Amino acid sequence: VKKVFSQMGGVIVAAVLVITARASLADHYYVPSGSMKPTVEIGDRIIVDKRAYGIRIPATETYVLSFDGPARGDVVVLSSPEDGRVLLKRVVGLPGDKIEVKEGRVYLGGQPVEVEQSPTSTIERLGEKSHRVSFQLGGGRDFPTTEIPKDQYLVMGDNRGDSKDGRYFGLVDRGSILGHAVGMYLHAGDWLWEPL
């Protein structure tokens, strides 16, 4: 009996370590919707760096060690302010920004963010980062001119006409952002590595 308890203790410790690592260090995520098309598709799988913005106590929004917050253009995993579901979105607005969204287009300080159209894709440039966006289903809901307060962010999907995002549920607190989606490792059933 003592030997069984000893072996079970090792299994329990290992399980706790795995759960803690997934909650605080890194995790993977299954994409359940098309809100981030064309960047990621339904069914894609991504790796999330949960220590990108700081180390937190597992299962809480409390940081033990805090790093720089999300950068403009980062793809992040966050808890929905509406129902706590885990969402995948792109950070478009940072603390201190004066931001507006009209017909899916982002305006910072009254100026439109650069968008390039080609016959095959639409590319949006957010700071240092460029990514594809889709307006095939329109631009979605507008977002009025807002100055973003400290520790809050505006997040949006890349599929502007089919994304329930910050234009619907408002700004998100830094504590709601669970990690930085760093890359896709499975797409359409194929193994690959594509940075996000």
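The values are calculated or read from the model by the stated rules, or taken from the named source; none is laboratory data. Just so it is clear, the structure is predicted and the values come from calculations on it, not from any experiment. Quick reminder, even Gly has a Cβ in these numbers, built from the backbone with ideal geometry, and neighbours come from all protein chains shown. With ligands, DNA and RNA removed, areas are computed over all heavy atoms of the protein, side chains included. Shrake-Rupley method; radii C 1.70, N 1.55, O 1.52, S 1.80 Å.
Points worth noting:
- Helix 2-24 vs. the chain, principal-axis angle (Cα, 0 to 90°, nearest 10): 10
- When only the Cβ of Lys, Arg, Asp and Glu is charged (+1, +1, -1, -1), the dipole of the stretch 135-179 relative to its Cα centre reaches about 40 debye.
- Accessible surface of the stretch 17-137, 1.4 Å probe: 53 percent of it comes from carbon and sulfur atoms.
- With the convex hull drawn over the C-alpha atoms of the stretch 64-107, the volume per residue is 119 Å³.
- Of all accessible heavy-atom area on the stretch 147-190, the percent that carbon and sulfur account for (1.4 Å): 43
- Estimated vicinal HN-Hα couplings, Hz - the stretch 107-122 in sequence order (Karplus 6.51, -1.76, 1.60; Gly, Pro = x): 10, 10, x, x, 9, x, 5, 5, 10, 10, 10, 10, x, 10, 7, 10
- Hull volume in cubic angstrom per residue (convex hull over the Cα atoms of the stretch 70-148): 113
- By average C-beta atoms within 10 angstrom, highest first, the peptides 146-153, 189-196: 146-153, 189-196
- Nearest-10 value in Å² for the accessible area of residue 100, using the 1.4 Å probe: 50
- Shape call, the stretch 77-196: gyration tensor on alpha carbons, a/c limit 1.5: oblate
- 1.4 Å probe accessible area per residue over the chain, in Å²: 54
- Contact order, relative form, for the stretch 110-190: 20 percent (alpha carbon pairs under 8 Å, 6 or more residues apart, mean separation divided by residue count).
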